[in-house]
Amino acid sequence: MKLIYYNGFDLPDEGEAFKAIMPQAQVRRWQPGDAAPADYALVWKPPAEMLANRSDLKAIFNLGAGVDALMKMADRIPANVPIIRLEDAGMAEQMADYVSSAVLRYYRHLDDYQRQAMHQRWQPKWPASKQQFTVAVLGLGVLGRVIAKRLQQLQFPVLGWSRTKKNLDGVSCFSGDNELAACLAKARVVVCILPLTTQTTGILNRTTLSALPRSAYVINVGRGAHIVEEDLLALLQNGHLAGATLDVFQTEPLPSGHPLWQQHNVTITPHISAQTLLDDAYVQIAEKINRLDQGLPVSGVIDRNQGY
Ligand code: NDP
Ligand code: OXD
């Protein structure tokens, strides 16, 4: 079995560890010009040239959950080749940790105290009741559900929003564009864990963010292009929003001098809210290759019409 491998700069491996999990696999790093036969491709942010017209592939495995980079080149990838994403593979726990720590930081005013301490100011604030600190999770897929569950365990009221209607224990579920504003209007914190598609690009903009109550918080762990950054900045500056925790940006790395770096009520992390754990990822991919080779169905196949 032949595998071509491309690791778009931020994953610390070149496929070596995969060989340990699947010794029968001959893994080679794809180089420009390599059109030699291959059965599978393992990729993260590959150049389109690698996958263009590759109808010999039995599947393309994305080394992450989000396939937006691959969808940009989907018209060059033969329609018969399934694109398969990572499902959890150790990311859900990381996401739940990241989001719940941001929510708790806001709930307990820890950002405010950090700012006060810089000026040697001692000024206790009374915490709101958790019942008044509702969190809306946009995206109730593999990762969003785990985030929602963790927040429930922390006793926050949780709302969820997805494309198709969901029924989740203890979560008030909203669906479809028509119900987004109603969901946001009830939320003190909004968490975006959507995939980036044509429908979700710019979904958090001046109009939708204004549907949040005054002094709300935004946590974006989906993709940078979910947020219209200028609109977010304007609402942070005029006080409609009390703060934002951003892990993803329209341009990554966030360029030096970008106004978000200067905005005092914004916490910035470098796209680390859930990192691909290569060992977990390779085990999941190896299991799926074994199933595909036996003619069995696998989960995580992208619906190219939906874009996720
Ligand atoms: P899933 O495909 O499992 O879940 C996606 C969810 O989004 C589903 O609930 C889906 O609705 C919902 N959704 C999609 N389109 C719309 C829409 N137009 N309107 C409303 N809801 C919509 O994905 P994952 O949970 O595995 O991952 C989500 C995203 O998280 C990834 O695509 C990636 O961009 C991001 N991510 C970020 C990371 C980081 O480090 N910052 C790490 C990993 C992932 P429905 O259930 O009805 O299909
Ligand atoms: C992913 C990511 O989509 O790391 O997996 O952003």
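Key figures
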item	result
Candidates Ala187, Ala117, Ala211: whichever shows maximal mean-square fluctuation once the chain is modelled as a Gaussian network with Cα springs under 10 Å	Ala117
J(HN,Hα) series, region 103-108, from Karplus relation 6.51 cos²θ - 1.76 cosθ + 1.60, nearest Hz, glycine and proline x	5, 5, 4, 6, 4, 8
Distance between region 111-182 and region 190-247 - C-alpha centres, whole angstrom	14
Fully extended contour minus Cα-Cα distance, from Ala182 to Ala17, at 0.36 nm per residue	54.7 nm
Computed label-point distance, nm, for sites Asn290 and Arg304 using a 7 Å Cα→Cβ extension	3.0
Under Karplus coefficients 6.51, -1.76 and 1.60, residue-wise ³J(HN,Hα) of region 113-124 in Hz, glycine/proline x	5, 4, 5, 4, 4, 4, 10, 6, 9, 10, 8, x
Assigned charges on the beta-carbon of Lys, Arg, Asp, Glu; the chain dipole about Cα centre (debye)	880
In region 154-200, the trypsin sites (Lys or Arg not before Pro) that fall in loop regions by DSSP, at most 11 other Cβ within 10 Å	Lys165
For the chain, the Rg and Dmax computed from alpha carbons only, in angstrom	21.0, 67
Per residue accessible area of the chain, 1.4 Å probe, in Å²	48
For region 287-297, 3J(HN,Hα) per residue [Karplus equation, 6.51 cos²θ - 1.76 cosθ + 1.60, θ = phi - 60°, Hz, x = Gly/Pro]	4, 5, 5, 4, 5, 4, 5, 8, x, 9, x
Amide hydrogen neighbours beyond the local backbone of Gly222, cut-off 5 Å, H modeled	Cys192, Leu194
Normalised convex hull volume, region 176-248, alpha-carbon set, Å³ per residue	73
Unit charges on C-beta of K, R, D, E only; dipole of region 91-268, Debye	560
Area accessible to solvent at Lys2, 1.4 Å probe radius, in Å²	80
Listed residues Gly239, Gly160, Gly222, most fluctuating in the chain (Gaussian network, C-alpha, under 10 Å)	Gly239
Dipole of region 49-90 [Lys/Arg +1, Asp/Glu -1 at C-beta], most positive-end residue of Ser55, Leu86, Met71	Ser55
Partners for Lys58 among aspartates and glutamates (Cα-Cα distance below 13 Å; same-chain residues under 8 apart left out)	Asp39, Asp293
Volume in Å³ per residue [convex hull over Cα atoms, computed for region 91-268]	117
The chain - mean residue ellipticity at 222 nm from DSSP helices (-39,500 (n - 2.57) per run, n ≥ 4, rounded to 500)	-8000 deg cm²/dmol
For the chain, built as a Gaussian network whose Cα springs stay under 10 Å, the top-fluctuating residue of Gly224, Gly141, Gly295	Gly295
29 Å Cα-Cα reach of Lys165 towards lysines, excluding residues that sit fewer than 8 places from it in its own chain	Lys72, Lys130, Lys149, Lys186, Lys288
Percent antiparallel among DSSP beta bridges (both partners in region 91-268, rounded to 5)	0
Protein accessible area in region 269-308, 1.4 Å probe - carbon and sulfur %	49
Most positive-pole-ward Cα, His119, Leu194, Gly15, against dipole of the chain from beta carbon charges	His119
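The values are calculated or read from the model by the stated rules, or taken from the named source; none is laboratory data. Quick caveat: nothing in here was measured; it's all calculated off a predicted structure. Reconstructed Cβ throughout: ideal geometry from the backbone, glycine too, with neighbour counts over all protein chains shown. To get the accessible areas, we keep the full protein, side chains included, count just its heavy atoms, and leave off ligands, DNA and RNA. Shrake-Rupley method; radii C 1.70, N 1.55, O 1.52, S 1.80 Å.
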